[in-house]
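A.B. asks: Can you keep this structure in mind? I'll have questions shortly.
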Amino acid sequence: MAPPSGIDTSHIKAAAQKDFFELLLGVRGKKVLVLDKSLSGPLGSFLKFSALQEHGVDKIFWLEDGVADATQKNIVFLVRCNSKNAYAIAEHVKKNSKIPGQDFEYTVLFVPRRTLVCEKILEDEGVLGDVTIGEFPLHFLALEPDLLSLELDDSFEELYLRKDYTSIFYSARALMSIQRRYGLFPRIIGKGDCARRLADALIRMRSEEDASDSNLFALTPSSILGELIVVDRESDMVTPLLTQLTYEGLIDETIGIHNSKVELDAALVGPPQQQQQGGTQPSSSSAAAPASSQKQKRPVVLSSEDKLFENLRDTNFAIVGNLLNKVARRLNDDYEVRHQAKTVSEIREFVSKLGGLQQEHQSLRLHTGLAEEIMKHTRSDIFNKILEVQQSRPPQLYLNIFPIGASPQPLTSAKFWSQTVENLLQWGIKEPRDNILTPPRWIADLAAGVDPSSQHDAIEELIARNAPVEAVLRLICIESLVGQGLKPKDLENFKREILQAYGYHHVLTLDALEKLQLLQSRTTIVASGVARTSYSNLRKVLKLIVDEVNEHNPDDIAYVYSGYAPLSIRLVQCIIQKPLMTATTKGRRGEDGLNAGVNAGAGGWRGFEDVLKSIKGKTFDEFQRGEDKALRARNILNGQNEKKVTVVFFVGGCTFTEIAALRFIGKREEGRRQILIGTTAIINGNKMMRAAMA
Amino acid sequence: MTTDSATAGWEQVEDKYYRKILLYSTLWDADFDLSDYIVAGAPYGGALALYRDESKLQLQTRRGPQNAKSSIDIYSSAGKLIRQISWDKGSIRGLGWSEDEKLLVITEDGNVRCYFDLQGDFTQFSLGNGAEEAGVKECRFWSTGFVALLSNNRLIAVSRYDEPRPRLLADPSSLIQPGETIHAWALVPPSYTLSRHVEVFVSTGTTILIVDATEVQDQMLQNGPFVHISVSPNGKYVSLCTLQGKVWVIKSDFQDKLSEYDTEMGAEALPRAMEWCGNDSVVLAWADEVHMIGPRGAALRHYYDSWVHLIPEMDGIRMVSVEKCEFLQKVPDATEDIFKIGATSPASILLDAVDQIERKSPKADDNIQLIRSQLPEAVDACVKAAGHEFSVRWQKQLLKAASFGKSVLELYSSDEFVEMCETLRVLNAVRFYEVGLAITYEQFIRLTPEKLIQRLVNRQQHLLALRVSEYLRLPTDRIYIHWACMKVRLSKDDEDSICRMVVMKLTGKRGISFEEIARTAYDEGRGKLATQLLNYEPRAGRQVPLLLSMEEDEIALDKAIESGDTDLVFYVLLILKKKLPLANFFRMINDRPVASSLIESSARESDTGLLRDFYYQDDRRADGAHVILRESLEQKDLAIKMEKLKLAAKLLADSKEHVLEAKALDESAKLLQMQEVFEKDLQGERFVGDSVNETVFKLIRMGYSSRANKVKSEFKIPEKRFWWLKLRALVAKRDWGEIEEWGRTKKSPIGWEPFFNECLSAGNTKAASIFIPKCTNLPPADRMDMWVRCGLIVKAGEEAFRAKDVNALEILQAKATGAPALEIDRLLKQLRPNK
């Protein structure tokens, strides 16, 4: 995941930091910071608590909890600009004004901008005069050099369930900031209604920018940026519903990754000194931290700064054990060197490397622990039953990355590092034999129209065994989406089962799923006549199911689901890997290079128009042109940059598997282009289901 | 500028030269008495505001009745009246300017008016914080804000005018001795303080207090009281004038005293005003006498015929009297090096060379040869000096010299020369007395060309502003907009032709906001013109606020939706909801999906009543029912909960598609009732809120199987699911006897494997093993595996034996040790008797 050379995303972090400190310095003296909880994660990704203290922040409180003490005169609110927060702030101010003899100075910083609505609310509540309003334009967060996210966790729910397009507006603003810096995307290509909205917003913002007074020169097409590909979550809902099978994807599925952070048992994390990035913990909760260290959860940042994780994150989980084992061996060999060190200089050389080795070791320990943690899930009956349904195959084949019987002892912090290494050395002796993962054949079966009721027993069993409701709903939704709706009788049956098993309040959940068009009966679909993504048409044409997958050395993106290629990414491939995809669709293998010249010139959706008809939502391909003179001047100045940066933006969120798949393509296409991924948020099937439950 | 000599008006103080430049003369009629007026001058050579000094008005009523009505008069530095603002809002306690030439007027009762365009348009705000009760005494201004002193000695600071937030500074009262007053005060602008917030120096008693937002610091001085305090433009130095007429200059940290000067007039004739001239000299003014004190205490004295007002600038001081406006400054170094008597700097030699050329003297070349090696610096110096020159003749002469020197050089970047020519052309244009902006080169650089253009626009000099903008390649949109606004306001033509004229001039220009022009038209009461103009606004979002105030609600809503900015849409909706009857409001949003979904999602959290009404009028019964269901779920009180449930179920029952949901809600009510009974019967266990499955599970785990069966039949739980529930509950109860008993049943709807698995994962291999023989549907190999997992290798062997699987037996043999091994051996032998 080398940072795209054309675009430097680190400036986003630096700018956010600078802006924020400037805002803080605008308030004189020590201050209390009152934070919107949903911002703590994003803030933590570029701020440290100590830095806040240096800028005069005395204490931090959650907006939800209220300010408990009144020691500081200055109170700074930092909140997202929604009306709920505005009301909460008004409440605070009004409550504090009743404290006699206290005089507060309020500053409200809205993220990412001050809005008319918030101001109106503050005005209506009669506190507008008491507060100074500012804004903190935090849009993109650079989670990785090649991954920008707006981290709008609710965007999926808002866009598709509530039909509230605020996140599209913010996405457009965020992309605008890129265009302002690097020039216009010469071409905007996409699929889906919300994607279309985003493209429209971008085009409109450009024309407004042209009409505005802020800069003198019109924006011109960039010589660094290639096309912008907008993928709408709605055009491919199935991908996130399937169980992600990459390492990072599985961590997200089982433990949950929030703003690149994962909450782990302190015992797993190891010595505390490395984990100070935690960032913005409110003082009230951190005060209690040291007391009970045993069951304490500690946030750990998962990022490419951890080299081991960078290598592991996008691999199929089946080979993670193997990779860990290899690293363990190498580490062990490196440690062994110390026995051979005879002369003083040899010893000194070893010692100089020791720091690096220990760091690597620390990271190895963390990931071994994490892998074990995940294994606890993957070896459970329920998890396997879920996979069983997805893969349409008989039970008893565990997703097991370590040979049975050789699995390591649980690590305690007391045991020193040698324990880990030795354990790992034991596992890898023979190739793990039980990790036979087959493709999610169920998709193929459903798409082919095979009667799905064969899996209904298994789903009902999951319900009876009180499997997580999200997991059950995900399966049923997959059936509805791929199989073009459920039979009315089956649907009713499932509904009854779910209501009785998980509670009648799920009437609302089921209704929401129906509104999302994730769960529908066949008759409604026929009656409504709304176009849907038709997997039966796409399965073969886009080769969604790949039966033979080599997890160790993948040759297709399908490895991320052990045999299913995410539709969303296939769409991207249709644009940027045209020869390859044409070969796939026409069934002509081995012609990759031949037609390249002819087809690549056309670009866009060319050649896949028919395919697109089977996918829900509008299709578009827009050019953004500028004055020829300016364009030519730019090209002369920058030279004809052959290697362009393609930005793939997901409206409504993307999964870690999709990111992995795009990185896989990026590596293949290294000579021609670089891929920068943008998204409104990172999601998974569980988050989608929870959106319906809210 | 009548004199030809470049050094005319120069005077030496200590080793430095100061010059007085006559900017404009005959500002007012001779009988105009400036001493009657409070005069405030805008920085950077800006406009002057005059207001009759009320304290003097009472003493001298000799003026005619025409002056009875008071007004604030705005003049240019050249004495040209720009605007007269009539004033009847009470006593003025503060009159000052901001750096972007906004006029601030502060009245005694704490009202602040900010006249932002020299044309009488203003915004208004109140100081609050008790200013009204205590009364404002005095105000001091800096480039972007001001501080007001109240009669109760509190200080209020305002640091910006676009969103003024008056805030109290720390209270100095505790450090002011009883009976003492504040003799004088001054402020340090935020950009020059360590804290980046304004600080105020207050003279009281013998000492000076430093007041900022949070604290008051006593400097513990012994030499007060001070009648004047003045802070240098760069904030580094402070000059203090004592009661004895002594002037001290100290550093602003109150550590070092730099110089002392005695006015020699003692306490009887204290100076009327004390201001800084640049950063190195202080100017004192009496009625008709002005002293300028140099860095080391030497002084220059000037005598005037009439009252002189001092207007400090960053690089000098403007002195305004009835007959003239002068600028006093230290001669810039570059200029001094060229012009001072006996100057031998390369630049002065270069200048002389030009003189020689004009006289066709060969000495010109000698001069050049003399300074050959320093020629580039000489050219630079001439360019720089030209910038500091007010006289066009000398500007030309210096630029000529630079041009000549440049021509001799082989390599020289002319950028600075060209830029200076351009700048001077602009400066000369704005210094012209009709415009009256007497700005120095340094002020121009600090002010920036954009702001200078804004000043021109404010003076209605649109054409000049446009020319300057184009000449300096700056954006022209603001000028066009301002022009159009003025046209809309003042033109007597009919609306159509105004519109045509404005559109003709403005279309195709970048950055034109028609919204702003339309708003002006609307404010002028030209509604039709406003609508016409608004249609030309390219940014949909911009049109919205004006459309709202024009009561064009529907168009406003549509434009907001078009803009894609949901905040704007929601804002319009909030306003409309308040304004319109509910039915009309709903009608307006019904056919606008973006609007209605915004209302839906916001009402979901905050206003369920509205949501219910909305669904009702749109006949969306299911959605309405769901709202009520949600309310029921949030309700703690069981009776209300049930009532809402029933209401929701009734709504749902009306529609055919929701039969299942309606039934589910009925069931839910039934479940609640049963759970209530259970809670009463079985003390200490909570049931309400559990699902059907959970209830059954709980009942079985507690051993109330008959009740569980009742729930089962009531809710028609299928056998399969019930068996699973029972199995899990019994395992959780660890009631192995019951499981074994139950296992005697002939047939299980879920097979026997789950029994095995559940028991095994609960850790009971014995209970698990019971079910292995019952799993007859599984292949023998699986059963063998099951036996092994229970640790019963012999049993596995028997299984293999029955299946006649020699291979499996051999594998088992390898695994087994001790007695089981013998047993397996025996079985193997039986299968292979011949071996």
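A.B. asks: Can you give the average number of partner chain beta-carbon atoms within 10 Å of each beta-carbon in peptide A:503-516, as a whole number?
C.D. replies: Counting other chains' Cβ atoms within 10 Å and averaging over A:503-516 gives 5.
A.B. asks: Next up: Place the peptides B:167-178, B:578-589, B:655-666 in order of packing, highest mean first, counting for every residue the other Cβ atoms within 10 Å and averaging per peptide.
C.D. replies: Ranking the peptides B:167-178, B:578-589, B:655-666 by packing returns B:655-666, B:167-178, B:578-589.
A.B. asks: Here is a follow-up. Between B:L22 and B:M504, 0.36 nm times their residue separation minus their Cα-Cα distance comes to what?
C.D. replies: Gain on stretching B:L22 to B:M504: 169.1 nm.
A.B. asks: Moving on. Just give me a number: lysine pairs in the range A:1-111, eight or more positions apart or cross-chain, with C-alpha atoms less than 15 Å apart.
C.D. replies: Step by step, the pairs that qualify in the range A:1-111 add up to 12.
A.B. asks: Given H placed 1.01 Å from N in the peptide plane, which residues other than close sequence neighbours of B:I82 have an amide H under 5 Å from its amide H?
C.D. replies: B:I74, B:Y75, B:S76
A.B. asks: With no solvent and one point per C-alpha, what does the Debye sum give as log10 I(q)/I(0) for chain B at q = 0.05, 0.08 Å⁻¹?
C.D. replies: At q = 0.05, 0.08 Å⁻¹ the computed log10 ratios are -0.56, -0.87.
A.B. asks: What FRET efficiency, computed as 1/(1 + (r/R0)^6) with R0 = 30 Å and r the Cβ-Cβ distance, is obtained for B:D619 and A:S534, rounded to the nearest 0.05?
C.D. replies: Efficiency, rounded to the nearest 0.05: 0.40.
A.B. asks: Further question: Can you give the Kirkwood hydrodynamic radius of the range B:636-690 from its Cα pairs, in Å with one decimal?
C.D. replies: Evaluated on the range B:636-690, it is 11.9 Å.
A.B. asks: Another one. Based on the inverse mean of 1/r over its pairs of different Cα atoms, what is the Kirkwood hydrodynamic radius of the range A:156-203, in Å?
C.D. replies: That comes to 11.3 Å for the range A:156-203.
A.B. asks: State the volume of the convex hull built on the alpha-carbon positions of the range A:50-113, expressed per residue in Å³ and rounded to an integer.
C.D. replies: 91
A.B. asks: Under 1.5 on a/c is rounded, so check that first for the range B:129-210, then, if it is not, pick prolate when a/b is larger than b/c and oblate when it is not; a ≥ b ≥ c are the square roots of the alpha carbon gyration tensor eigenvalues.
C.D. replies: It is oblate, given that a/c is not under 1.5 and a/b is not larger than b/c.
A.B. asks: May I pose another question? In a Debye calculation with equal point scatterers on the alpha-carbon sites of the range B:565-610 and no solvent, what is log10 I(q)/I(0) at q = 0.15 Å⁻¹?
C.D. replies: Cα-only, vacuum Debye calculation for the range B:565-610: -0.33.
A.B. asks: Which order do the peptides B:775-781, B:122-128 come out in when sorted by mean C-beta neighbours inside 10 angstrom, highest first?
C.D. replies: In descending order of packing, they fall as B:122-128, B:775-781.
A.B. asks: So what J values fall out for the range A:506-522 if you push phi through Karplus, 6.51 cos²θ - 1.76 cosθ + 1.60 with θ = phi - 60°, rounded to Hz, Gly and Pro as x?
C.D. replies: For the range A:506-522, the Karplus-derived couplings read 6, 3, 5, 4, 5, 4, 5, 4, 5, 5, 6, 6, 8, 9, 9, 8, 4 Hz, x marking Gly and Pro.
A.B. asks: Could you give me the radius of gyration and the Dmax of the range A:161-255, taking only the C-alpha atoms into account and expressing both in angstrom?
C.D. replies: 16.7, 51
A.B. asks: For the residue pair B:A814 and A:T132, what label-to-label distance in nm results when each label sits 7 Å from Cα along the Cα-to-beta-carbon direction?
C.D. replies: 7.9
A.B. asks: Quick one: Karplus J couplings for the range A:46-57, per residue in order, coefficients 6.51, -1.76, 1.60, θ = phi - 60°, nearest Hz, x for Gly and Pro?
C.D. replies: In residue order, the calculated couplings are 10, 10, 10, 4, 4, 5, 5, 4, 4, 9, x, 7 Hz.
A.B. asks: Arrange the following residues from fewest to most other Cβ atoms within 10 Å of their Cβ: B:D33, B:D100.
C.D. replies: Ranked by crowding around the Cβ, least crowded first: B:D33, B:D100.
A.B. asks: I'd like the FRET efficiency for B:T214 and A:K163, computed as 1/(1 + (r/R0)^6) with the beta carbon distance as r and R0 of 51 Å, rounded to 0.05.
C.D. replies: After rounding to 0.05, the efficiency reads 0.55.
A.B. asks: OK, next. Could you give the nm distance between label points at B:E14 and B:R196, where each point is 7 Å from its Cα heading toward the beta carbon?
C.D. replies: Modelled inter-label distance: 3.4 nm.
A.B. asks: Here is a further query. Let me have the 222 nm mean residue ellipticity of the protein assembly as shown computed from DSSP H runs of 4+ only, each contributing -39500 (n - 2.57), with the sum over all residues rounded to the nearest 500.
C.D. replies: Estimated from H runs of four or more residues: -14000 deg cm²/dmol.
A.B. asks: Shielding by partners for B:692-701, please: the mean number of other protein chain Cβ atoms within 10 Å of each residue's Cβ.
C.D. replies: Per residue, the average neighbour count from other chains is 3.
A.B. asks: Eigenvalues of the Cα gyration tensor times 5, then square-rooted: what semi-axes does that give for the range B:720-831, in whole angstrom, largest first?
C.D. replies: Three semi-axes, in Å: 30, 14, 10.
A.B. asks: Further, regarding this structure: Based on the alpha-carbon gyration tensor of the protein assembly as shown, what equivalent-ellipsoid semi-axes (square roots of 5 times the eigenvalues) come out, in whole Å, largest first?
C.D. replies: 77, 38, 34
A.B. asks: Tilt of helix B:608-617 relative to the longest C-alpha principal axis of chain B, in degrees (0 to 90, nearest 10)?
C.D. replies: The angle comes out at about 80 degrees.
A.B. asks: Another one. Anything over 19 Å Cα to Cα? Flag those among B:K644/B:K670; A:K487/A:K687; B:K330/B:K384, in the order listed.
C.D. replies: Long pairs (Cα-Cα over 19 Å): A:K487/A:K687.
A.B. asks: What number, in percent, do you get for the relative contact order of the range B:706-835 if the mean sequence gap of Cα pairs under 8 Å and at least 6 apart is divided by its residue count?
C.D. replies: Relative contact order here is 14 percent.
A.B. asks: For a quick protection proxy, order the peptides A:654-665, B:199-210, A:325-336 by their average other-Cβ count within 10 Å, most packed first.
C.D. replies: Final packing ranking: A:654-665, B:199-210, A:325-336.
A.B. asks: Expressed as cubic angstrom per residue, what is the convex hull volume of the alpha carbon set of the range B:517-599?
C.D. replies: Given the Cα convex hull of the range B:517-599, per-residue volume reads 86 Å³.
A.B. asks: Right, another one. Quick check: the angle from helix B:462-471's long axis to the longest principal axis of chain B, C-alpha only, nearest 10 degrees?
C.D. replies: Result, in degrees: 80.
A.B. asks: HN-Hα J couplings of the range B:738-743 from phi, Karplus 6.51/-1.76/1.60, θ = phi - 60°, integer Hz, Gly and Pro as x?
C.D. replies: 4, 5, 4, 4, 5, x
A.B. asks: Using the Cα centre of the protein assembly as shown as origin and beta-carbon charges of +1 (Lys, Arg) and -1 (Asp, Glu), tell me which of B:W248, B:L547, A:N466 is placed farthest towards the positive end of the dipole.
C.D. replies: My answer, from the dipole projection, is A:N466.
A.B. asks: Moving on. Percent of alpha carbon pairs in the range B:738-793 separated by more than 15 Å?
C.D. replies: Counting pairs separated by more than 15 Å, the tail of P(r) holds 39 percent.
A.B. asks: Moving on to the next point. Averaged across B:154-166, how many Cβ atoms of other chains sit within 10 Å of each residue's Cβ atom?
C.D. replies: 1
A.B. asks: So, one more: How big is the shadow of the Cα convex hull of the range B:196-346, averaged over all directions, in nm²?
C.D. replies: Averaged projected hull area, Cα only: 11.3 nm².
A.B. asks: Give the Rg/Rh ratio for the range B:409-473, taking Rg as the radius of gyration of the Cα atoms and Rh as the Kirkwood radius, to two decimals.
C.D. replies: 1.04
A.B. asks: With an 8 Å cut-off on Cα pairs and a minimum separation of 6 or more residues, tell me the relative contact order of the range B:436-527 in percent.
C.D. replies: Here the relative contact order equals 24 percent.
A.B. asks: Now a separate question. Can you tell me, using C-alpha contacts under 8 Å and at least 6 residues apart, the relative contact order of the range A:125-221 as a whole percent?
C.D. replies: 21
A.B. asks: Calculate the all-directions average of the projected area of the range B:265-371's alpha-carbon convex hull, and give it in nm².
C.D. replies: 9.4
A.B. asks: Would you mind computing, in nm to one decimal, how far apart the modelled labels at B:T206 and B:E634 are, each placed 7 Å from Cα along Cα→Cβ?
C.D. replies: For the pair B:T206/B:E634, the computed spacing is 6.9 nm.
A.B. asks: Of A:T523, A:V541, A:P554, which is farthest on the positive side of the dipole of the range A:514-557, counting Cα position, with +1 on Lys and Arg Cβ, -1 on Asp and Glu Cβ, and the Cα centre as origin?
C.D. replies: Final value for the positive-end residue is A:T523.
A.B. asks: How much length is gained on full extension from B:E551 to B:D365, taking 0.36 nm per residue of separation minus their Cα-Cα distance?
C.D. replies: 59.2 nm
A.B. asks: Evaluate the charge dipole of the protein assembly as shown about its Cα centre and quote only its size in Debye, nearest 20, assuming +1 on the Cβ of each Lys and Arg and -1 on the Cβ of each Asp and Glu.
C.D. replies: Charge dipole of the protein assembly as shown: 4980 debye, to the nearest 20.
A.B. asks: Please give the FRET efficiency for B:K710 paired with B:K766, using the beta carbon to beta carbon distance and R0 = 35 Å, rounded to the nearest 0.05.
C.D. replies: Result of the calculation: an efficiency of 0.60.
Read-outs: derived from the displayed coordinates by stated rules, not from any lab. Quick caveat, the model's predicted, so the values are computed rather than measured. In this analysis, Cβ positions are derived from the backbone assuming ideal geometry, glycine residues included, and neighbour counts consider all displayed protein chains.
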